[in-house]
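Asker: Here's a structure for you.
The values are calculated or read from the model by the stated rules, or taken from the named source; none is laboratory data. Because the structure is a prediction, the values reported are computed rather than measured. FYI the Cβ positions are ideal-geometry reconstructions off the backbone, even for glycines, and counts take in every protein chain you see.
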Amino acid sequence: MALLDEDRLLPTDPGVRAISRALYDDIRDLPIISPHGHTDPRWFAEDAAFPDPARLFVTPDHYVFRMLVSQDIALEDLGVPREDGGPVEQDPRKIWRLFAGNYHLFRATPSRLWLDYSFQHVFGIDRALSAETADWYYDHIADCLSRPEFRPRALFDSFNIEAIATTEPATDDLKWHRMIRESDWNGNVVTAYRPDGVVDPEAAGFAQNVALMGEQTGFDTSSWAGYLDAHRARRAYFKEFGATSTDHGHLSARTEDLGPDDARALFDRALKGDCTAEEADAFRGQMLTEMARMSLDDGLVMQIHPGCERSQSDRVLARFGRDKGFDIPRRTDYVDALAPLLNAVGLEPSLTVVLFTLDESTYARELAPMAGVWPCLRLGPAWWFHDSPEGMRRYREMTTESAGFYNTVGFNDDTRAFCSIPARHDVARRVDCAYLGTLVATGRLREDEAHELAHELTYGLAKTTYKF
Amino acid sequence: MALLDEDRLLPTDPGVRAISRALYDDIRDLPIISPHGHTDPRWFAEDAAFPDPARLFVTPDHYVFRMLVSQDIALEDLGVPREDGGPVEQDPRKIWRLFAGNYHLFRATPSRLWLDYSFQHVFGIDRALSAETADWYYDHIADCLSRPEFRPRALFDSFNIEAIATTEPATDDLKWHRMIRESDWNGNVVTAYRPDGVVDPEAAGFAQNVALMGEQTGFDTSSWAGYLDAHRARRAYFKEFGATSTDHGHLSARTEDLGPDDARALFDRALKGDCTAEEADAFRGQMLTEMARMSLDDGLVMQIHPGCERSQSDRVLARFGRDKGFDIPRRTDYVDALAPLLNAVGLEPSLTVVLFTLDESTYARELAPMAGVWPCLRLGPAWWFHDSPEGMRRYREMTTESAGFYNTVGFNDDTRAFCSIPARHDVARRVDCAYLGTLVATGRLREDEAHELAHELTYGLAKTTYKF
Amino acid sequence: MALLDEDRLLPTDPGVRAISRALYDDIRDLPIISPHGHTDPRWFAEDAAFPDPARLFVTPDHYVFRMLVSQDIALEDLGVPREDGGPVEQDPRKIWRLFAGNYHLFRATPSRLWLDYSFQHVFGIDRALSAETADWYYDHIADCLSRPEFRPRALFDSFNIEAIATTEPATDDLKWHRMIRESDWNGNVVTAYRPDGVVDPEAAGFAQNVALMGEQTGFDTSSWAGYLDAHRARRAYFKEFGATSTDHGHLSARTEDLGPDDARALFDRALKGDCTAEEADAFRGQMLTEMARMSLDDGLVMQIHPGCERSQSDRVLARFGRDKGFDIPRRTDYVDALAPLLNAVGLEPSLTVVLFTLDESTYARELAPMAGVWPCLRLGPAWWFHDSPEGMRRYREMTTESAGFYNTVGFNDDTRAFCSIPARHDVARRVDCAYLGTLVATGRLREDEAHELAHELTYGLAKTTYKF
């Protein structure tokens, strides 16, 4: 028995399924373009074996451990490291058994689809994971991981990845990217410029980060002009390592377009650490517009990922640090928030700003209408909690009628879970083909157009938008 | 001709329908667990006959009379009592005819489904309600109601209700519950602790209610400490009458976690009646956290039902009182609102907080992500205006992918319309089986898992979550 | 090959499709009632030929040119006139080619459905529009437009329009409407009263508009009482030209019910041009309630279209003026916003207020619950960005269960694109029949009820609500 249904996620009506299946068969084997994600470049630089099944699938994946936590399983018991170095479970087999015994919690979640896909397609497994099969699974996967064909570079090649972008802070030295470039391996792994730590006055170590950026570039980052120059220099440095994009994760989508004197004064207060919360927010907003202006010059595609309340649990944050599953989306406004940036540079044909949202109520109301008229705007795919079959379906149903397909950018896997990459792209390909097939079956699209669009949504739009 | 289609609410594709039908056939006859609702315990205490068809189906059901009001029918003409005792229609047959003649207004509403189910399954009727059949219907139902098998206890038994919770104010003497317990009838009817009238400084008679709670418990409720002790005592008293839960209906989901001095000062002002609207709101928020802390000790499951603007029409409120159909949902924030409570007690494994919403935009954005990580949180079912086939479908589609099934709690009928209870549970069972069948047909769930889940969603989760 | 699939927009399951198809066949040829829209009465007054394909389909249609702009095509190149009279493309064939060469951008948008319908049904075209067929299309349509059967009145008759409302500002002289009435043509074209320019203190020329209204009516519009009298007189004048409704396009749904002294003082400040933004907003809100009061007397149906941020691009507004595709919906609150008006007049049976929204999250949460109880409220159809197959489906799925069908008002095409009118009504008819067929197939409606409802949704509700 296969773990996966060959026709999964396709429409249930046999006639529509046949149309969608034909679309899918056409594009299922296209190479993966992964223009935004969080894989660790060190994997590809060192090409070391992944340590064990638990540390591959459980301990680092916040999608996985958050669901276990929600049912009273402690992060300690899943081996998630504590900030204070205190004791947590060290036995990967025990962690794996705990995960396997609770695998039913993931029923009908995207994690289940991604995991089963990895089990079947990456590790050749054909039996379901459960308490009973936990040890068999562990041994089988551990055995695989010890073999060369399961090293990061080999997996990269077998996943048919044409290009992948990682994400590094603006002050990163990019040494792993350098090591990849200097190696004899040809995998196309590029970086992306993530300046959150140097544009957010409330980020830990903001002033030091800005000072470091000065050292790295030779500009005087204690002045507004020097600070902007340092950004330009760092962006150029990131471009040397293949970067085609920047990425911005702010609490809101607020932008500002202050005059130079106001911007400079705000920067000065931010650097001294005595700006208010409102001023810090205004500064972040100003920096989005500054980044957009720099993109006019250097061509980097700008990505905005707003709207997440990070680390809602103070205790979990203090004990385990960031990215531990307690990040919760909030209502997000785009219309007023983006107006300053758009009025500054939004009609420039050379600019591309890719918008993401965790607030699906903005799809049809704000984002599709805006992307359907502003030349610079493109809609990123369904993101994070919405990177799922139902989430992707809602995304297409709520954006296509006002924004069309050509103001979208294909799929982002946005993941640090390496083995899930082909699984996630496969889900997106199936859901898109289900949607396109439904459009054909309801007379909204001709079949030849659907085939052309399936190719665009899978490959073409990602490649052209992100300039790969 | 039957009023009801045997396959109603199941998927339309024949293949998927067959899967869903098999799931439904498996669970359709499971006993009803009704852990949250508003039936009147007096019915079961006295076991008196229901008076007439109009006073069973029309006059007390705000779902029914609101729709008639929306089309210019006066509440007076439906026999809804006036606060001033002024004249309203007294002839139940006239009221029934008015209702029957406008039955087309309910087309495609859940009320129509519930009513037709009651007509067919409770009263054995096989013809449609209309102006023409109004009198026949009236006579038939009136005749039934005069028979012993249509008394409340007999209906309770024939509905296959294993357990039902009513809801009483914190200061209720629970005399009807006492009478049920002292009777020779074995129906499992329990109460639930609803403290709105003693935690909301803006509730009518707040200070008197608090004083009454002092008399009832022997604690000095003019002091913050005594007031909290009185809550503990009343909760214990409610537990004697089977309560396993508390219920909280606030305008927002706001919680607070003030220091003891601030809380005490706020309570003092509230009791004197001179707190501002903002302070009253803060006090309600503080009391949610206090209730959660008490749940850690006594194990009562906490239910939060926020987000309804009560009695939007001043004139209807003055003339007819509360609960007259003019209650309208509002946008509700959960992320900031619940943070104080969650940071105080949200990681405690012994706590269960069941969240409800009238703002569906929070399902995928806030509630499922929060329930998918906080150990204390569970998602209540689709509520009130959303307790409907489309509402339930959206609930599953928007919560399952982030929260899974095991962070949900089964169905609540939440009703005072007794005959609708089996109808409402049947709708939920069908919609859940339709959803599960669709997951199977699209390769997201195995069929054996779907059968297990159908049982959980129908019976298991309600029983374990609500500790029946 | 036909451009259009005969079964487009109907359900994909063959059994359900058959039910829906039968419903559609029953109502497809019913006359069009178009109670709200923006066609130009001059067309019907002068009955001149439309100038050319580009100026019929591209240059005046913001749905069309916005999508082209979003992909870096300049408004100048589409012949959209500049406010300063500067040069824009004058060659209609060039504009047409630009449009045709980018027709793929409209895939799966409602514009594509409307355009293809017009091409096939109005112009008898059976080949797809593309760069290759651009010239053939141009010549064919240009040839048609030169013939008498493509003049506005002939098209009106061939579209089977029983009645259509245009929309004119309160100060319009209605001369084109007069000309229509005085002609020998019997087409039923009526006006609607749109007072935005005389109720919005922030509208361009507000004081002059109010003064003009004084001249037109003989009332002293520098006083609050005279200003209200002038409104009454203008409404009566509009009624002479067939008006059955008023229309109000405000940024929010805010209403106020101030005492006469406060209202008068606000008016005085507004007229002097020294009210604050908040006061201007309050005045607009007050005027909605005043308009509702006048409707009690003169019977005009009130339409409220709130929630759009107009002209987000300052540069496009300055260069090309309003209505250039940069209008973006915003989150809209209805519960608090409408309470003053509703509490003033909302229980009056003679009042009808039709509510529209661009914020779909309010359908199930606010609008359907409110329309499902307030006698005056009716829900307008899915509007603007949501006037689309998916938008209409969501509208029915999210409003019917709480508001029923009889608190809705049928379809509005709301368009200035004349040839799209039958296309838009056809989309609505198909989507409604798809929805009704699905209800039948899932046992939520009997087939005879569905046929009755199909007629109501297509024809009956529009005719009775809007008093045609």
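Asker: If only one of A:T166, A:T109 is closer than 22 Å to A:D40 by Cα and in contact (Cβ under 8 Å) with a residue 60 or more places away in the chain, which one is it? Show your work before the answer.
Answerer: Working: A:T109 fails: closer than 22 Å to A:D40 by Cα.
Among A:T166, A:T109, only A:T166 is closer than 22 Å to A:D40 by Cα and in contact (Cβ under 8 Å) with a residue 60 or more places away in the chain.
Asker: Give segment C:421-468 a look and list any residue that's of a type in the set (S, T, N, Q) and touching a residue at least 40 places away in the same chain (Cβ under 8 Å), or say none.
Answerer: Going through segment C:421-468, the residues of a type in the set (S, T, N, Q) turn out to be C:438, C:442, C:458, C:464-465.
Across segment C:421-468, the qualifying residues are C:T438, C:T458, C:T465.
Asker: Scanning segment A:149-164 for residues that are in contact with a strand residue (DSSP E or B) (Cβ under 8 Å, 6 or more places away or on another chain) and within 12 Å of A:V122 (Cα to Cα), which turns out surrounded by the most Cβ atoms within 10 Å (Cβ to Cβ)? Please lay out each step first, then the result.
Answerer: To start, the set of residues in segment A:149-164 that are in contact with a strand residue (DSSP E or B) (Cβ under 8 Å, 6 or more places away or on another chain) comprises A:156, A:159-164.
Remaining after also requiring within 12 Å of A:V122 (Cα to Cα): A:156, A:159.
Details: A:F156: 22, A:F159: 20.
The selected residue is A:F156.
Asker: Output yes when any residue across segment B:210-228 is within 25 Å of the chain's Cα centre (by Cα), surrounded by fewer than 22 Cβ atoms within 10 Å (Cβ to Cβ) and either small (G, A, S) or assigned to a helix (DSSP H, G or I) (or both), and no when none is.
Answerer: No: segment B:210-228 contains no residue that is within 25 Å of the chain's Cα centre (by Cα), surrounded by fewer than 22 Cβ atoms within 10 Å (Cβ to Cβ) and either small (G, A, S) or assigned to a helix (DSSP H, G or I) (or both).
Asker: Restricting to helices (runs of 4 or more DSSP H) lying wholly in segment A:1-110: which have 1 or more residues that are within 9 Å of chain B (Cβ to nearest Cβ) and crowded, with 23+ Cβ neighbours inside 10 Å?
Answerer: Once the helices (runs of 4 or more DSSP H) in segment A:1-110 are filtered for at least 1 residues that are within 9 Å of chain B (Cβ to nearest Cβ) and crowded, with 23+ Cβ neighbours inside 10 Å, what remains is A:62-69.
Asker: If you don't mind, another one. Which one of the conditions (1) surrounded by fewer than 24 Cβ atoms within 10 Å (Cβ to Cβ); (2) within 14 Å of chain C (Cβ to nearest Cβ) does B:P340 fail to meet, given that it meets all the rest?
Answerer: Only one criterion is unmet by B:P340, namely (2).
Asker: Same structure, new question: Given the criterion surrounded by 17 or more Cβ atoms within 10 Å (Cβ to Cβ), away from chain C (no Cβ under 14 Å) and in a loop (DSSP other than H, G, I, E, B), identify the matching residue among B:A292, B:A253.
Answerer: Details: B:A292 fails: in a loop (DSSP other than H, G, I, E, B).
That would be B:A253, the only listed residue that is surrounded by 17 or more Cβ atoms within 10 Å (Cβ to Cβ), away from chain C (no Cβ under 14 Å) and in a loop (DSSP other than H, G, I, E, B).
Asker: Do we have B:D359 as buried (at least 23 other Cβ atoms within 10 Å of the Cβ), charged (D, E, K, R) and within 27 Å of B:H38 (Cβ to Cβ) here? Write out each step before concluding.
Answerer: Values: buried (at least 23 other Cβ atoms within 10 Å of the Cβ): yes; charged (D, E, K, R): yes; within 27 Å of B:H38 (Cβ to Cβ): yes.
Against the criterion (buried (at least 23 other Cβ atoms within 10 Å of the Cβ), charged (D, E, K, R) and within 27 Å of B:H38 (Cβ to Cβ)), B:D359 qualifies.
Asker: Counting only residues that are part of a helix (DSSP H, G or I) and touching a residue at least 60 places away in the same chain (Cβ under 8 Å), which one in segment C:273-287 is surrounded by the most Cβ atoms within 10 Å (Cβ to Cβ)? Steps first, please.
Answerer: At the first step, the residues of segment C:273-287 found to be part of a helix (DSSP H, G or I) are C:277-287.
Within this subset, residues satisfying the condition of being touching a residue at least 60 places away in the same chain (Cβ under 8 Å) are C:277, C:279-280, C:283-284, C:287.
Numbers: C:A277: 9, C:E279: 15, C:A280: 19, C:F283: 23, C:R284: 23, C:M287: 27.
If we take residues in segment C:273-287 being part of a helix (DSSP H, G or I) and touching a residue at least 60 places away in the same chain (Cβ under 8 Å), then C:M287 is surrounded by the most Cβ atoms within 10 Å (Cβ to Cβ).
Asker: Is it true that some residue in segment B:364-385 is out of contact with any Ser or Thr (no Cβ under 8 Å at 6 or more places or on another chain) and surrounded by fewer than 24 Cβ atoms within 10 Å (Cβ to Cβ)?
Answerer: yes
For every residue, the table says whether it meets (1) within 15 Å of B:C419 (Cα to Cα); (2) free of Cβ contacts under 8 Å to residues at least 60 places away in the same chain; (3) within 21 Å of the chain's Cα centre (by Cα); (4) more than 14 Å from chain C (Cβ to nearest Cβ).
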| position | (1), (2), (3), (4) |
| --- | --- |
| B:D116 | yes, no, yes, no |
| B:G124 | yes, yes, no, yes |
| B:Y137 | no, no, no, yes |
| B:C144 | yes, yes, no, yes |
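Asker: A further question follows. Could you tell me whether any residue of segment A:239-250 is in contact with a Phe, Trp or Tyr (Cβ under 8 Å, 6 or more places away or on another chain), at pLDDT below 95 and assigned to a loop (DSSP other than H, G, I, E, B)? Write out each step before concluding.
Answerer: From segment A:239-250, those in contact with a Phe, Trp or Tyr (Cβ under 8 Å, 6 or more places away or on another chain) are A:243-247; that's our starting set.
Pick out the ones that are also at pLDDT below 95 and you get none.
The answer is no, given that none of the residues of segment A:239-250 is in contact with a Phe, Trp or Tyr (Cβ under 8 Å, 6 or more places away or on another chain), at pLDDT below 95 and assigned to a loop (DSSP other than H, G, I, E, B).
Asker: Given the residues A:A441, A:A423, A:A450, which is the only one that is within 14 Å of another protein chain (Cβ to nearest Cβ), of a type in the set (A, V, I, L, M, F, W, C), over 21 Å from C:A382 (Cβ atoms) and touching a Leu at 6+ places or on another chain (Cβ under 6 Å)?
Answerer: Numbers: A:A441 fails: touching a Leu at 6+ places or on another chain (Cβ under 6 Å); A:A423 fails: touching a Leu at 6+ places or on another chain (Cβ under 6 Å).
Residue meeting the stated conditions: A:A450.
Asker: Can we say C:D327 is surrounded by fewer than 24 Cβ atoms within 10 Å (Cβ to Cβ) and in contact with a strand residue (DSSP E or B) (Cβ under 6 Å, 6 or more places away or on another chain)?
Answerer: Numbers: surrounded by fewer than 24 Cβ atoms within 10 Å (Cβ to Cβ): yes; in contact with a strand residue (DSSP E or B) (Cβ under 6 Å, 6 or more places away or on another chain): yes.
It is true that C:D327 is surrounded by fewer than 24 Cβ atoms within 10 Å (Cβ to Cβ) and in contact with a strand residue (DSSP E or B) (Cβ under 6 Å, 6 or more places away or on another chain).
Asker: Among the residues of segment A:399-447, which ones are surrounded by fewer than 24 Cβ atoms within 10 Å (Cβ to Cβ), under 18 Å from the mean Cα position of the chain (by Cα) and acidic (D, E)?
Answerer: Answer for segment A:399-447, where residues must be surrounded by fewer than 24 Cβ atoms within 10 Å (Cβ to Cβ), under 18 Å from the mean Cα position of the chain (by Cα) and acidic (D, E): A:D414, A:D426.
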